[in-house]
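Shown next, in structure tokens, is the structure this report addresses.
Read the figures in this text as sums done on the coordinates, not as results from a lab. Since this is a predicted model, take the numbers as computed values, not measurements. In this analysis, Cβ positions are derived from the backbone assuming ideal geometry, glycine residues included, and neighbour counts consider all displayed protein chains.
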Amino acid sequence: MTAGVGACRVRAGSAPLVLGIETSCDETGVGLVRDGVLLADTLASSVDEHARYGGVIPEIAARAHVEAMVPTVERALSQVGLRHRDVDAVAVTVGPGLAGALMVGVAAAKAYALALGVPLYGVHHLAAHIAVDTLEHGPLPGPSMALLVSGGHSSLLLVPDLATSDVVPLGATVDDAAGEAYDKVARLLGMPFPGGPPIDRAARDGSPTIAFPRAKATDGTFDFSFSGLKTAVARWVEARHRAGEPVPTADVAASFQEAVVDVLTAKSVAACRAHGVDTLVIGGGVAANSRLRALAATRCEAAGITLRVPRPGLCTDNGAMVAALGSLQVAAGVVPSPLEIPASSALSL
Ligand code: KG4
Ligand code: ZN
């Protein structure tokens, strides 16, 4: 495919309407954003189809995206009484994520951009998780610090300028992502997938009295490690089973959760201090966690750091975040992507 990508036909007097498409995992997300204002955010999820496998099955996710793509776009447009020809630019997650799932969204975005004669913006999934916060809290001051915690990533990023993708990775998980640890620990506690929400709920009735390890907490880096914690929880639960004693699920959930959020928040505050940054934004599915939000608020306040966290519904994967980043890129005059842009499952920042 060639041509057509630079021909943005922005109507006089109105800011560009950006259609955002997200298909990197199991959510088909579509968002409509105009000038930093969220107009529509529609979602179709295949999560129930994956639940019995305890994790996302790539082929099932890709097929579900194919079926949901057009209806989810139609729903977004009709919700706000807009038509295809009102769209001025299309933004799409090109990576990182599941290859087959990404390809569905990227192909759809190219088709919309080509058919409508509007520019295409291929965006990075993690940058979009940060950008979604601007829909609620306005422009992100530069530089800001971002903690990104999802099912596939746990990263600390210095963000001088999001729109131009000026993002500096400071550290990341060396093994399991935070959300992955939640999902695995939930499974061994007999809770459904995805494990974050049920652990979050169970922990409210428990006490964090079990001293689980906090790997890398004091190693001076901005990296994380959660696989040893997951193993420690598994060993603790197995020992209870062997002893024929009941497992205090709420206390295990609360103690596991405390170990995760303690390290995440301590390292985020340390990263802000080390780089002289006074704004922290938290994004990704785990940012919906109630204890992470509460502890981050307490520690940021004590450190004089302004904390920004999107509302829980915008933390997990959605199309609004892609449209938000697309909208920032359009406003900053970023050059659109060529229609040849590929889906890149291992895309780096
Ligand atoms: O960002 P996201 O929707 O998809 C990825 O890009 O991975 O994140 C999904 C992850 C899952 O591991 C899920 O268990 C976790 O976010 N999650 C939570 C909560 N809600 C979702 N983890 C902890 N507490 C929550 N309330
Ligand atoms: Zn995500």
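Footprinting exposure proxy ranking of GLU136, GLU340, fewest other C-beta atoms within 10 angstrom first, gives GLU340, GLU136.
In order along segment 301-308, phi translates into HN-Hα couplings of 4, 4, 9, x, 9, 7, 9, 10 Hz, rounded to whole numbers, per the Karplus curve 6.51 cos²θ - 1.76 cosθ + 1.60 with θ = phi - 60° and x for Gly and Pro.
Within straight-line reach of LYS230, meaning a Cα separation under 17 Å, sit the following lysines at least 8 residues removed in sequence or on another chain: LYS184, LYS216. As a rough footprinting exposure proxy, the listed residues THR23, THR164, THR265, THR42 were ranked by other beta carbons within 10 Å of their own, and the order from fewest upward is THR164, THR42, THR265, THR23. Size descriptors for segment 61-143 (Cα atoms only): Rg and Dmax, in that order, 14.1, 40 Å. Counting 0.36 nm for each residue step from SER78 to ALA294 and taking away their Cα separation leaves a gain of 74.1 nm.
Take the eigenvalues of the Cα gyration tensor for the chain, scale each by 5, and report the square roots as semi-axes in whole Å, largest first.
36, 23, 16
Computed from the alpha carbon atoms alone, the convex hull of segment 249-349 holds 155 Å³ per residue. Beyond 22 Å, the tail of the calculated P(r) for segment 141-312 holds 40 percent of the Cα pairs. Database remark: amide H of ASP223 closer than 5 angstrom to the amide H of ALA172 (H placed geometrically; neighbours at sequence offset of 5 or more, or on other chains; Pro and chain starts carry no H). The H on the amide N of ALA89, modeled in the peptide plane, is under 5 Å from the matching H of LEU17, LEU19, each at least 5 residues off or on a different chain. Distance between the 7 Å Cα→Cβ label points at VAL47 and VAL70: 2.7 nm.
Here is the P(r) of segment 16-82: all C-alpha pair distances, binned every 10 Å from 0, give 23, 45, 24, 8, 0 in whole percents.
Here TYR112, TYR53, TYR182 are placed in order of increasing Cβ neighbour count within 10 Å, fewest first, which gives TYR53, TYR112, TYR182. Dipole size of the chain about its Cα centre, with +1 on Lys/Arg Cβ and -1 on Asp/Glu Cβ: approximately 180 debye, rounded to the nearest 20. A cut-off of 5 Å between modelled amide H atoms, ignoring neighbours fewer than 5 places along the same chain, links SER337 with LEU120, TYR121, GLY122.
Per-residue packing, averaged as other Cβ atoms within 10 Å, sorts the ranges 308-315, 204-211 into the order 308-315, 204-211, beginning with the highest. Comparing LYS216, LYS110, LYS230 in a Gaussian network model of the chain, where Cα atoms under 10 Å apart are tied by springs, the biggest mean-square fluctuation is seen for LYS216. Of the residues GLY244, GLY55, GLY284, the one that moves most in a GNM of the chain with alpha-carbon contacts below 10 Å is GLY244. Ordering VAL159, ALA131, THR209 by the projection of their Cα atoms onto the charge dipole of the chain, which places +1 on the Cβ of Lys and Arg and -1 on the Cβ of Asp and Glu, puts THR209 at the extreme positive end.
Spacing of the modelled spin labels on GLU136 and TRP236, each 7 Å from Cα toward Cβ, amounts to 2.9 nm. Relative to the dominant Cα principal axis of the chain, helix 249-274 is inclined by about 60°. Of all aspartates and glutamates in the structure, the ones whose alpha carbon falls short of 18 Å from that of LYS267, not counting any fewer than 8 places away in one chain, are ASP175, ASP176, ASP219, ASP223, GLU258, ASP278, GLU301.
Histogrammed with a bin width of 10 Å, the alpha carbon distances of segment 150-205 distribute as 24, 35, 25, 16, 2 percent, first bin at zero. Using equal-weight Cα scatterers in the Debye expression, the normalised intensity of segment 241-304 in log10 at q = 0.12, 0.20, 0.21 Å⁻¹ is -0.39, -0.79, -0.85. Reported to the nearest whole Å, the Cα centre-to-centre distance from segment 166-231 to segment 241-293 is 7. Considering only LEU148, LEU295, LEU19, give the residue with the highest GNM mean-square fluctuation for the chain, with springs between Cα atoms whenever their separation is below 10 Å. Residue with maximal mean-square fluctuation among LEU148, LEU295, LEU19: LEU295. Evaluated with a Cβ-only charge set (Lys, Arg +1; Asp, Glu -1), segment 141-312 carries a dipole of roughly 300 debye about its Cα centre, given to the nearest 20.
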